[in-house]
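Engineer: To start, I am sharing the structure in question, which I have written as structure tokens.
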Amino acid sequence: MVKKKSKEKIVITVGKRKTSIAKAVIKEGKGIIRINKMDLNSIPQRYVRMRIEEPLILIGDLAKKVNIYVNVKGGGIMSQAEAARLAIARGLVKFFNKKEIKDLFLKYDRHLLVADVRRTEPQKPYRSAARRMRQTSKR
């Protein structure tokens, strides 16, 4: 007797902020949220944890119906949190496929669904920074 695997719904999304890149995998489940294989509640910085939880708080009880696994790399701690937040929000919109959730996220904060495209300007030749010129002599 061969058992057939049930077709479960899985959504994979990506979020970027500065040099951080986050990949979120959202499945049906019991509300487990892991960031880099670490439970969300074990993150020591409260402001970082709250930033990541924003989309989950906004959708309320629907967050308890999904398991979220996020893998983040690059950048600093705050840009990683922003990238994870973006990936989670995009994934939730795609998973539940409801216009109300998308409208709620856009009304609350546009950056929950739209990435910030600003990047650092590259350094030019013969300069010490991107726009900084060498000091000229007055005499």
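Engineer: Got the relative contact order for region 10-112 handy, in percent, Cα pairs under 8 Å and 6 or more residues apart?
Structural biologist: This gives 38 percent for region 10-112.
Engineer: May I pose another question? Cβ under 12 Å from TYR126's Cβ, TYR126 left aside: what net charge do those residues give with Lys, Arg +1 and Asp, Glu -1?
Structural biologist: Net charge in that neighbourhood comes out at +4.
Engineer: How much of the DSSP bridge set in the chain is antiparallel, in percent, rounded to the nearest 5?
Structural biologist: On the way: 18 of 21 bridges.
For the chain, the DSSP antiparallel bridge percentage is about 85.
Engineer: Would you mind counting up the charge near ILE68? Only other residues with Cβ under 10 Å from its Cβ, with Lys and Arg at +1 and Asp and Glu at -1. Before the final figure, lay out each step's value.
Structural biologist: Working: positive: LYS27, ARG34; negative: none.
Charge balance in the 10 Å sphere: +2.
Engineer: Let me ask you something else. Using the per-residue mean of other Cβ atoms lying within 10 Å as a proxy for protection, in what order, highest first, do the peptides 82-90, 68-76 fall?
Structural biologist: Output ranking for 82-90, 68-76: 82-90, 68-76.
Engineer: Take the alpha carbon atoms of region 16-46, find their center, do the same for region 96-112, and report the distance between the two centers in whole angstrom.
Structural biologist: Spelled out, the Cα-based centre of one part sits 19 Å from the other.
Engineer: What does the net charge come to around ASN97 if you take all other residues with beta carbon closer than 14 Å to its beta carbon, with K and R at +1 and D and E at -1?
Structural biologist: It works out to a net charge of +4.
Engineer: Give the shape of the chain as rounded, prolate or oblate, defined through the alpha-carbon gyration tensor: a ≥ b ≥ c are the square roots of its eigenvalues, a/c under 1.5 means rounded, and otherwise the shape is prolate if a/b is larger than b/c and oblate if not.
Structural biologist: prolate
Engineer: A further question follows. Quick one: order THR13, THR120, THR19, THR136 by neighbouring beta-carbon count within 10 Å, fewest to most.
Structural biologist: THR136, THR120, THR19, THR13
Engineer: Treating only the Cβ atoms of Lys and Arg (+1) and Asp and Glu (-1) as charged, compute the dipole magnitude of region 10-112 about its Cα centre; round to the nearest 20 debye.
Structural biologist: Dipole about the Cα centre, nearest 20: 260 debye.
All of the numbers you see were taken from the coordinates with simple rules; none came from a lab. Because the structure is predicted, anything quoted here is derived from the model rather than measured. As a convention, Cβ positions derive from the backbone with ideal geometry for all residues, glycine included, and neighbour counts pool all protein chains shown.
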